[in-house]
Amino acid sequence: MNKNTKVTLLSCVVVFAALSPTIGRINPYYFDILIGVGISLILAAGLNLVNGHTGQFSLGHAGFMGLGAYLASALSLGLKFPYFAMPVWEGHVGWYVFKALSLVLSVAINALFWLHNLLVPLAASLPGWGGFLLALLYGGAVAALAGLLVGVPSLRLKGDYLAIVTLGFNEIIKVIIQNAEPLNAQRGLGGMVQHTNFFWTFAFAALTVYVVGNLVNSTYGRGFLAVRDDEIAAEAMGINTTKYKVLAFVLAAFFAGIAGGLYAHFKQFIHPEGFNFMKSVDIVVMVILGGMGNTIGVCIAAVLLTILPEWLREVSHYKWLPAWLQEMAANRMILYSLLLIILMLARPQGLFTGWVKKKGAA
Amino acid sequence: MGQKEGGRVSLLKLDNVTVQFGGLKAVADVSFEIRERELVGLIGPNGAGKTTIFNLITGVYSPTAGRIEFDGKSVAGRRPYKITARGLARTFQNIRLFPSMTVFDNVRCACNMHLRHGISHALWRGTKVAAEEARIETDVMELLEIFGLAGERDLNCKSLPYGDQRRLEIVRALATRPKLLLLDEPAAGMNPTEKTELMKLIRFVQEKFALAVLLVEHDMKVVMGICERICVLDYGQKIAEGTPSEIQSNPKVIAAYLGKEVE
């Protein structure tokens, strides 16, 4: 990441900050799409670190996003978690193992709840966007912690197996939220103040691209690529592959958590089904289409794939198009899938791979 | 530090090392020693356990029994990257460069553990980072220049000719600043001219960087030509050790390679 990129990203943030107050005047529909673009950018740039650069196929990115969304919302809504004790099981001696485990688990979970409950009054006491920012970072931190937990199995699993584990993790998060009464369970959580605006969304998007880009292009960052290329050779060259894999997961999860918080404070209503497997697939598609490990390509793909389904909606109203084309565009999700298939057949290496040529690659 | 023997300090010491895969003893009670700045060869027929010994020393496998000491400390069962950090670098039998990276980046990767700033600095690209990156670039370019690869710095490593890829692997290993370099069949697939150049290169590396080298090789011309001492393995056991001329006349070695004379 050279100086130019730094300047570009910074000027983006400044422009968006300046635009932010005037944004009330633009069409709310376009506003919605633009915020969606920013959130996709954060998600895709983060996942690119895991799936693209480090070569660990994660299919559970929406799980981290959901965690961030729910916990950030809980904090800004002032929801507290009630402490709980694990049920005591009756039975023979063999159960002691489970009893001990459940004790450890309940202590750990209660400790997290205690921390959350401590933060609630603090967030409420902060004026204006202070509480929002704290909620975002908190959501990111919780997601990062979850990333650490998922990063550990990735040390033993590769390829399809890791994909299934992360997919399972995604479902576990969803099911836990669906059953978590303090988070309004299956009814969905609403009532957050709409703090998310142009500035916050694109500031965090720029931050994500900046941090991931910096890291990957540094000498440390070559370690991620080394892990992807050849783990045995990487270890032999003094690279701690464990550290790199876990770090990739933790960072990606952190940014996904932030994206979730932004999403929650924009839509003002979140539902567990919004963070299911399909959402994860959407993000993975952005990474694959942009070209795994190609930061700029993935960013372009994130923008395109967020706009495309909405644009197809528009196409069905273009009067100058032949009727059959309009009709086809009306079934836009079919057309969208078809386009993905065509793109993958035409450019399996990613849409933008080979477009960006510069020293040191990526 | 190890004890002094023959004037030079002992660097790597294998003490009755055994490794078993199920019922198969791939390496049985092997002991040998490499002293500082010594060029040692490890030879043996196919399947004798040479590469297994390499993998034991570098931490890819851990021994079933026995001790492996490097620089006075036990390294048996340690993670490979920790062993590399102690000063032991290797190349691979079938070239294992990082295929998606350029020549420069392949070597830069190996400088990873010499960075003096933390990963958090890399995230923000703090002031320390630029200085460190510049230092590493100088180091890497210096190495590449020594081996005549500086002109190819921005080429993808896979586009290099075979011999250069082998050379690059050695450069990459040297970038970890080792005290002992392990070369796993560096002459494999090379033509006679390339082999002669390789021999010169290994000697040059050993003198220039003051290294000890352990060489696993099938090509007798290479091994006999440059090694000070040779260890011979057969069926996982050490059958002989000595200078090249001693090994050449050792009946056990001749039997292992050519079979016994029919009486």
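No lab work stands behind these numbers, since they all come straight from the coordinates. Everything numeric in this text was worked out from a predicted model, so none of it was measured. With ideal geometry, Cβ positions are generated from the backbone for all residues, glycine too; neighbour counts draw on all protein chains shown.
The mean count of C-beta atoms from other chains within 10 Å of the C-beta of residues in B:118-125, rounded to a whole number, is 6. Counts of other chain beta carbons within 10 angstrom of each beta carbon in peptide A:209-219 average 5.
Of the trypsin sites (Lys or Arg not before Pro) found in the range B:182-263, the ones in coil according to DSSP and having at most 13 other Cβ atoms within 10 Å of their Cβ are B:Lys260. If only the Cβ of Lys and Arg carry +1 and only the Cβ of Asp and Glu carry -1, the dipole of the protein assembly as shown around its Cα centre is close to 1000 debye.
Within the shell of other residues whose beta carbon sits under 14 angstrom from the beta carbon of B:Ala210, the net charge comes to +4, with Lys and Arg scored +1 and Asp and Glu -1. Note on chain A: Lys pairs 8 or more places apart or on different chains, Cα atoms under 14 Å apart, count 4. For chain A, evaluate the Debye formula with one uniform point scatterer on each Cα (no solvent term) and list log10 I(q)/I(0) at q = 0.12 Å⁻¹, rounded to two decimals. Here log10 of I(q) over I(0) equals -0.94.
Legend: calculated FRET efficiency, B:Gln93 to B:Leu258, from the Cβ-Cβ distance at R0 = 30 Å, rounded to 0.05, equals 0.80. For the range A:135-256, relative contact order (Cα pairs under 8 Å, six or more residues apart, normalised by length) works out to 52 percent.
Highest average first, the peptides A:181-191, A:287-297 ordered by how many other beta carbon atoms sit within 10 Å of their residues are A:287-297, A:181-191. For the range B:7-99, the gyration tensor built on C-alpha atoms gives a rounded shape. Its axis ratio a/c (a ≥ b ≥ c) stays under 1.5.
The three principal axes of the Cα atoms in the protein assembly as shown give end-to-end lengths of 96, 71, 50 Å, sorted in falling order. Can you classify the range B:106-263 as rounded, prolate or oblate using the Cα gyration tensor, where a ≥ b ≥ c are the square roots of its eigenvalues, rounded means a/c under 1.5, and otherwise it's prolate if a/b beats b/c and oblate if not? Prolate, because a/c is 1.5 or more and a/b exceeds b/c. DSSP assigns beta bridges within the range B:104-263; of those with both partners inside it, close to 50 percent run antiparallel. A crude spin-label estimate for the pair A:Ala111 and A:Ile341, with each label 7 Å from Cα along the Cβ direction, gives 5.1 nm. Charge tally around A:Ser280: other residues with Cβ under 13 Å, Lys/Arg +1 each, Asp/Glu -1 each, net -1. The trypsin sites (Lys or Arg not before Pro) of the range A:133-180 meeting both criteria, a DSSP state outside H, G, I, E and B (loop) and at most 13 other C-beta atoms within 10 angstrom of the site's C-beta, are A:Arg156, A:Lys158.
The mean sequence distance of close C-alpha pairs (under 8 Å, at least 6 residues apart), as a share of the length of the range B:121-263, puts its relative contact order at 14 percent. Note on B:Arg203 and B:Asn156: their simple-model spin labels are 3.8 nm apart, each label 7 Å out from Cα toward Cβ. The loop-placed trypsin sites (Lys or Arg not before Pro) in the range B:111-161, going by DSSP, that have at most 16 neighbouring Cβ atoms within 10 Å of their Cβ come out as B:Arg116. Of all beta bridges that DSSP places with both ends in the protein assembly as shown, some 60 percent have antiparallel geometry. Legend: mean number of C-beta atoms from other chains within 10 angstrom of residue C-beta atoms, peptide A:222-231, equals 5.
Using a cut-off of 26 Å between Cα atoms, the listed pairs B:Lys13/B:Lys208; B:Lys179/B:Lys200; B:Lys238/B:Lys260; B:Lys158/B:Lys195; B:Lys128/B:Lys158 include B:Lys128/B:Lys158 as exceeding that distance.
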